[in-house]
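Here's the structure we're looking at; comments come further down.
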Amino acid sequence: MENVFIGAVGAYVPGSSTVAAAVENGWMDAAEANASGLLGVATAGRTPAPEMAVEAARQALARWGHDASALGLLLYVDVYHSGPQGWLPQSHVMRHVVGGELLAVGVRQGCNGVFGALELAAAHLRGAGSEAALITAADNMNSPQVDRWKALPGFLLGDGASALVLSRTDGFARLLSVNTVAVPALEGVHRGTQPLFPSAVATGQALDFRARQEEFSLSGEAPPDGGLQMMKIQAEVVDRTLAEAGTEVGELARVAFPHGSREILEDRWMTPLGLPLERSTWEYGRRVGHLGASDQVAAFEHLLATEQVGPGDKVLLVGIGPGVGIAAAVVEILETPSW
């Protein structure tokens with residue numbers, strides 16, 4: 001991928017509620033908590049997701065150091081509801097951060113939304129002639145319809161936001177490759193047998209992926225080799241992304257992944273790659289939980305801020321989300337960012 005740079009990244013991750021407290025309060029099973037290896041989950045209370053996106057975007061733009069008028073595209077990614085029905089959170093970021101009359105679009109690709117946004121923004125920069133694009137992602141899962149401790153097996157649903165600026169002229173890092181592939185035969189994994197109408201928003205139904213996965217497995221729609229299909233396609237996506245980036249697995253400094261349990265991390269990602277746990281972002285992710293679409297960017301920002309990666313290092317970002325979608329990207333750090 002030619003001339004697609006990362007000018008800056010930003011993140012807004014609130015303080016964490018501990019797994020130990022969740023167990024003590026009866027919100028989480030002690031044996032399950034211990035087996036997961038997870039320590040906490042970021043919780044934003046009543047801070048709206050769009051406000052967190054504003055903070056992350058402001059940080060990224062301040063670090064970038066250019067005028068916001070250079071932006072030609074704003075992409076806003078969210079997983080859960082971001083405000084009043086019929087209202088667009090990207091307009092909120094435009095009003096309070098960016099201004100101007102640029103194209104602002106929402107991206108609904110679940111936990112893989114940032115990867116889809118990267119592909120869209122890169123294509124826009126190459127084709128439309130804009131100098132830069134801003135990607136934001138934000139979610140607050142604090143809702144009566146969401147039990148962040150139990151809604152998704154192997155994951156704790158956290159709150160937070162991230163942002164990054166893509167540029168076609170310069171940056172501290174280069175986006176070497178990005179790919180997203182869908183496995184539509186597994187679409188029902190995240191739907192179960194739930195009706196498409198009326199929507200769950202209208203009925204106030206709880207978000208329970210654990211129940212939906214069980215429904216799908218018993219529905220007769222689940223392919224008998226669905227798990228194998230997913231692992232095969234995941235390997236193909238990662239291999240293709242690494243090949244397009246001209247990168248071998250052994251060259252990777254770190255792997256940033258969806259923030260789930262240690263078992264999921266090792267069995268689904270690190271063991272197939274043949275890499276040790278220390279080359280992942282596990283120690284960060286286990287403390288903040290699954291931040292919707294922000295996991296990989298927030299973890300990348302943490303690696304930079306703590307100087308765990310530097311010039312010459314390559315980082316693999318991987319993701320999985322509803323669809324089922326599988327995504328991967330490779331980023332090369334060119335220089336230590338000034339911030």
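The values are calculated or read from the model by the stated rules, or taken from the named source; none is laboratory data. If you're wondering where the values come from, they're calculated on a predicted model, not measured in any experiment. Please note: Cβ atoms are built from the backbone with ideal geometry, for glycine as well, and neighbour counts cover all protein chains shown. The area values use the complete protein model at the heavy-atom level, side chains included, leaving out ligands, DNA and RNA. Shrake-Rupley method; radii C 1.70, N 1.55, O 1.52, S 1.80 Å.
Overview of values
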| read-out | value |
| --- | --- |
| Residue in region 324-332 that is modelled with pLDDT of 95 or more, in contact with an Asp or Glu (Cβ under 9 Å, 6 or more places away or on another chain) and open to solvent by 10 Å² or more (accessible area, probe 1.4 Å) present | yes |
| Matching entry among Gly319, Gly312, Gly285 (being among the small types (Gly, Ala, Ser) and part of a loop (DSSP other than H, G, I, E, B)) | Gly312 |
| Top-ranked residue of region 119-142 - restricted to ones that are touching a residue at least 12 places away in the same chain (Cβ under 8 Å) and part of a helix (DSSP H, G or I), ranked as farthest from Ile320 (Cα to Cα) | Ala128 |
| Qualifying residue in region 168-189 (condition: under 30 Å from Lys314 (Cα atoms), open to solvent by 80 Å² or more (accessible area, probe 1.4 Å) and part of a helix (DSSP H, G or I)) | no |
| Of all residues in region 1-54 being aromatic (Phe, Trp, Tyr) and within 20 Å of the chain's Cα centre (by Cα), the one that is farthest from Ala245 (Cα to Cα) | Tyr12 |
| Yes/no for Glu221 being without any contact (Cβ under 8 Å) to a residue 40 or more places away in the chain, acidic (Asp, Glu) and in contact with a Ser or Thr (Cβ under 6 Å, 6 or more places away or on another chain) | no |
| Selection count, region 143-164, where residues are part of a strand (DSSP E or B) and not β-branched (Val, Ile, Thr) | 7 |
| Residue among Ala253, Ala222 that is surrounded by fewer than 18 Cβ atoms within 10 Å (Cβ to Cβ) and closer than 21 Å to Leu175 by Cβ | Ala253 |
| Looking only at region 194-216, and only at residues there that are open to solvent by 70 Å² or more (accessible area, probe 1.4 Å) and within 26 Å of the chain's Cα centre (by Cα), the one that is nearest to Ala151 (Cα to Cα) | Arg210 |
| Evaluation of Asp267 against (1) farther than 18 Å from Gly325 by Cβ; (2) open to solvent by less than 60 Å² (accessible area, probe 1.4 Å) (one fails), failing number | (2) |
| Residues being touching a residue at least 60 places away in the same chain (Cβ under 8 Å) and either open to solvent by 20 Å² or more (accessible area, probe 1.4 Å) or under 16 Å from Ser17 (Cβ atoms) (or both) - total across region 279-303 | 8 |
| Complete set of residues in region 55-70 that are hydrophobic (A, V, I, L, M, F, W, C) and at pLDDT 95 or above | Ala56, Ala57, Ala60, Leu61, Ala62, Trp64 |
| Residue among Leu103, Leu88, Leu71 that alone is crowded, with 18+ Cβ neighbours inside 10 Å and aliphatic (A, V, I, L, M) | Leu71 |
| Strands (runs of 3 or more DSSP E) lying entirely in region 1-118 (those with 1 or more residues that are touching a residue at least 60 places away in the same chain (Cβ under 8 Å)) | 5-12, 16-18, 40-42, 71-77 |
